[in-house]
Amino acid sequence: MSYSDFIERKSQLGGQHGFDPVWMPDFLFPFQRHLVEWALRRGRAAIFADCGLGKTLMQLVWAENIHRKTGRPVLILTPLAVSQQTIREAAQFGIEATSSQDGNHSGGIVVTNYERLQNFAATDFAAVVCDESSILKSYGGQTRKRITRFMAKMQYRLLCTATAAPNDYVELGTSAEALGELSHSEMLKRFFRQLDDKGQKKEQRQQDQAEAMIEADPQYYQKLAFRVAQTIGQWRLKNHAVTHFWRWVASWAMACRMPSDLGFDDDGFILPPLNEQDHIITPNSPPPGQLFMTTAIGMGAERAERRRTLDERCEYVAELVKHDRPAVVWCHLNPEADKVEELIPDACQIAGRTSDDRKIELYNEFANGGLRVLVIKPKIGAWGLNWQHCNHVVTFPTHSYEQYYQSVRRCWRFGQTRAVQLDVVATEGEVRVLGNMRRKASQADAMFNVLVKEMSNATRVERVNDYTNKVELPSW
């Protein structure tokens, strides 16, 4: 590969390519129509809409507009099993969409899984949609680069997710770069400053103090200094750049947790109650070498605590789901899932070792009521699936707020008609994990609140270096 080819691979298509909608169906709600029109007029955009607000339908209408405007195919990338759900929803509303796994297609709207992207050629498509786009940051660096490069020369791009960057604002750079906005490094250089060791230790002390206060008063996060909320590891938003940063994000993304965030009526989009209950188990014995129960500190100690108390926690979960209603149990360790499946007679597990075809079969069986209890890991099936028929969720605490949020919102979403029971099972040694999960939830709420507030003051920031200058070689 020549140096020119290398630079070309890293470059992004510049300019604005949006247009006025050519087709806007009546079945869209007013707020959905507003979001689709905005995304089409922008050409490359992100819709951060909460679970159940109709992201699938909005991206299908957006894709159909691109197809009608250009006459070329549009590719929709989804997590595994969500592709069939997208096809069904398209057929329900009279939109033609087909599935492809090997790269062969007949045009129109083509739906495939992220894992199959290598089978497709970017030049075949006028646009690409990334459904549940927050999943991009969970992939390894090479896969994430492949997805970003696949979209780099496309005029039209759409990202859709409910959790844009749930507890790490720096991760917004992944979405911005995929859309051809500032790259991740350009964003850091413009809006953030890097903390030295002393600064990182100071910020960590403030975060630890905040966690202690949140544990005593869950509403304390709202009282924290905004500066503390903007600190991400070694990077921190510059004091004078906070407002400018969010206005820049609002120039390419719109956030919506309720239609009222966009000035529309919330009628029909009021969620039923979420009855969240923490179950703190006291193990039969303290950790090896200790006389009393202590809180696990550090990832190693936390993993040891989980393995040590596995039987007690799984037996407790089995008692919680002793009823005749559908339930989903989210696990984080293979032995957890195996034990829960063993203890619950009518449960079935979807594991990493399960074949893709079998996974899809079990997803459909659970969604259609043929399977009562589904045991699964969040990183396998927490994105995009609609399980409003189920109103009982059981999970173990995790440091990943996004996995926690997405797993709960498979059932507690718009369209759910019953109150949802959420049981979080932890031991006394895992209270720090539980507290960290609650802190990240508050931080995610704060991020959405700021983004919604600044949407009417969006400010576009142009890239300074877009690799368009020709390489000048010395005469010698």
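Values quoted throughout were computed directly from the atomic coordinates according to the rules given, and no laboratory measurement underlies them. In this text the structure is predicted, and so the values were computed from the model without any measurement. All Cβ positions, even for glycine, are placed from backbone atoms using ideal geometry, and neighbour counts span all protein chains on display.
Charge tally for residue 264 (other residues, Cβ to Cβ under 15 Å; Lys, Arg +1; Asp, Glu -1): -4.
Over all other residues within a Cβ to Cβ distance under 10 Å of residue 404, the charged ones net out to +2, with Lys and Arg as +1 and Asp and Glu as -1. Computed packing ranks the peptides 47-59, 25-37, 360-372 as 47-59, 25-37, 360-372, most packed first, by mean other Cβ atoms within 10 Å. Annotation: extensible slack from residue 276 through residue 476 equals 64.8 nm (criterion: 0.36 nm per residue apart, minus Cα-Cα distance). Using the Cβ-Cβ distance between residue 418 and residue 445 with R0 set to 30 Å, the FRET efficiency works out to roughly 0.80. In a DSSP loop and with at most 14 other Cβ atoms within 10 Å, the trypsin sites (Lys or Arg not before Pro) in region 296-360 are 322, 353.
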